[in-house]
1. Sticking with the crude label model, points 7 Å out along Cα→Cβ, report the distance from residue 100 to residue 281 in nm, one decimal please.
2. Which whole-number percent gives the relative contact order of segment 6-71, counting Cα pairs below 8 Å spaced six or more residues apart?
3. Would you mind working out the magnitude of the charge dipole of segment 1-139 relative to its Cα centre, with +1 at each Lys and Arg C-beta and -1 at each Asp and Glu C-beta, to the nearest 20 Debye?
4. Using only the alpha-carbon atoms of segment 6-71, report the extent along each of the three principal axes, biggest first, to the nearest angstrom.
5. Would you give the gap between the C-alpha center of segment 125-179 and the C-alpha center of segment 196-257, rounded to a whole Å?
6. In debye, nearest 20, what is the charge dipole magnitude of the chain about its Cα centre with +1 on Lys and Arg Cβ and -1 on Asp and Glu Cβ, if you could check?
7. Amide H of residue 280: which non-local residues (sequence gap of 5 or more, or other chain) have their own amide H closer than 5 Å, using H built in the peptide plane?
8. State, as an integer percentage, the relative contact order of the chain based on alpha-carbon contacts under 8 Å between residues 6 or more apart.
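Here, each number is a calculation from the coordinates, and none is a lab measurement. Quantities reported herein were computed from a predicted structural model and do not represent experimental measurements. Here Cβ is always computed from backbone atoms with ideal geometry, including for glycine, and neighbour counts include all displayed protein chains.
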Amino acid sequence: MPAITDAELKLLQTLVYQECGMHFDERRTAFLQDRLQRRLRECQLDSFYSYYRLLISNQGKQELTRLVENLTVNETSFFRNKAQLDLFQRDILEDILRHKQERRDYSLRIWSAGCSTGQEPYTLAMLVADALSYYYMRNPLPFDSPLPKPLVPSPWRVEILASDLSYSVLRAAQEGSYPEHQMSAVDYGYRLRYFDKVGDRYVAKKAVKEMVHFDFHNLKTEYLPQRNDVIFCRNVMMYFDEAEQKRLTEKFYRCLNPNGYLFVGHAESLLGLTERFQMVHRNSGTAYQRVEVRV
Ligand SMILES: C[S@@+](CC[C@H](N)C(=O)[O-])C[C@H]1O[C@@H](n2cnc3c(N)ncnc32)[C@H](O)[C@@H]1O
């Protein structure tokens with residue numbers, strides 16, 4: 001296996017950055033080199049420069065997708081960052097439902113950007129379903145809901161859009177089937193209501209799956225889903241450099257409805273990136289709300 005030269009590494013690093021925004025600083029170049037070596041072997045090429053030539057050629061599009069997939073970190077879990085999810089369910093969602101109902105707007109759109117294998121969007125679906133039924137327990141609808149009660153009571157329409165740039169994680173997410181060891185944060189009540197037990201795995205019920213729509217979106221591009229009430233983009237921006245984080249924050253601003261909310265990961269922050277969001281903080285849960293310009 002040939003050694004990679006500094007110039008080849010730079011070329012490939014730049015190409016990956018242009019393609020998906022992922023930035024490999026000194027702490028992560030060993031990981032990048034390891035993945036590049038694997039792909040080179042797989043493609044049976046004898047130099048990193050010829051691999052680079054392949055990637056920028058028309059025939060190399062598929063290989064570029066594969067390389068990027070191999071560079072993503074897909075670590076995730078159900079109910080990740082409980083304090084943040086409490087803030088989402090108990091305060092923010094409650095507030096959104098009330099305001100929307102006053103305006104007779106019964107649509108709710110939440111986007112999980114960088115959803116990995118689906119634990120985040122399914123967690124959101126469960127939280128939204130519970131929040132809606134608790135809301136209607138206290139504010140009954142003027143008519144009876146059909147039995148068995150649907151997860152999303154009429155006239156509400158809830159869409160949880162879940163996107164990623166890796167096709168393999170999107171396939172797994174769509175299956176919605178998880179082994180026991182990935183379910184540790186899902187308490188029994190949630191398991192009983194929202195999962196079926198199939199062999200030794202837990203599979204998200206059809207009604208939960210119907211709340212979530214999976215799609216491919218590369219956050220590096222300009223064409224991103226609009227009109228969201230809430231965006232979750234957690235543990236994704238940490239792989240981008242500051243310039244890319246700033247660009248993405250601007251895009252998220254435009255992808256949100258007025259007064260919409262953005263959630264980023266526990267180790268991430270919008271501090272120094274933008275003035276267009278204000279921080280909302282409660283019991284160690286943090287979110288960012290879009291600031292509206294008054295005219
Ligand atoms: C560490 S996982 C985070 C999953 C989940 N949001 C969470 O916090 O548990 C990061 C995900 O972001 C995705 N990702 C990385 N760069 C991306 C990009 N440019 N566009 C879309 N998704 C991206 C990766 O494929 C990966 O699945």
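1. 2.9 nm
2. 34 percent
3. It comes to approximately 300 debye.
4. 30, 22, 20
5. Taking the Cα centre of segment 196-257 as reference, the centre of segment 125-179 is 16 Å away.
6. Its charge dipole is roughly 660 debye.
7. Placed amide hydrogens put 287, 288, 289 under 5 Å from residue 280.
8. Here the relative contact order equals 19 percent.
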